1. Quick one: which residues, 5+ away or cross-chain, put their amide H under 5 Å from the amide H of Q91? H built at 1.01 Å from N.
2. Taking all protein chains in place and a 1.4 Å probe, what share, in percent, of the accessible surface of the chain do carbon and sulfur account for?
3. Could you tell me how many degrees, from 0 to 90 and to the nearest 10, lie between the Cα long axis of helix 27-38 and the main elongation axis, the longest principal axis, of the Cα atoms of the chain?
4. Taking Cα atoms, how many degrees apart are the long axis of helix 68-83 and the longest axis of the chain, rounded to 10 and kept between 0 and 90?
5. Over all directions, the average projected area of the alpha-carbon convex hull for the range 11-98 comes to how many nm²?
6. Measuring from label point to label point, each 7 Å out along Cα→Cβ, what is the A83 to D40 span in nm?
7. How far is it, in nm, from the label point at E68 to the one at D28 when both lie 7 Å from their Cα along the line to the Cβ?
Amino acid sequence: LGSLERANRIVMAPMTRSKSPGGVPGEDVAAYYKRRAENDVGRILTEGTTIDREGASFDPAIPNFPTEEALHGWARVVEDVHAVGGKIAPQLWHVGLARKPGTGPHP
């Protein structure tokens, strides 16, 4: 892993949870990641976080980065994780084309 700093070789894989209403991670999201850091996860990869593209997500409860409010939410997550010695990095996510059955272009 080269110069990547970590407490151990345990890496938490990203698991999208849809727990950020309006794309903004709140106190519960910060507490979720903090608990992982407190329990010796060497590196945390966040759930999928959407980019500033309309088709990047089909779920408004998936966290994002493009808004100031979301960035403030992520700042809290990072502060809480770092406060207990954890390391965290985002998974940038673009789900691509996703439609509900029966919608969209028809042949």
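1. The list, which skips near neighbours in sequence, is T46, T49.
2. Its accessible area is 53 percent carbon and sulfur atoms.
3. Here the helix axis deviates by roughly 40 degrees.
4. Compared with the principal axis, the helix lies near 30 degrees.
5. So the Cα hull casts an average projection of 5.0 nm².
6. Result for the modelled spin labels: 2.3 nm.
7. With each label placed 7 Å out from Cα toward Cβ, I get 2.6 nm.
The values are calculated or read from the model by the stated rules, or taken from the named source; none is laboratory data. Given the structure is predicted, the values throughout are model-derived calculations rather than measurements. Here Cβ is always computed from backbone atoms with ideal geometry, including for glycine, and neighbour counts include all displayed protein chains. Protein only, heavy atoms only, side chains kept; ligands, DNA and RNA dropped before computing areas. Shrake-Rupley method; radii C 1.70, N 1.55, O 1.52, S 1.80 Å.
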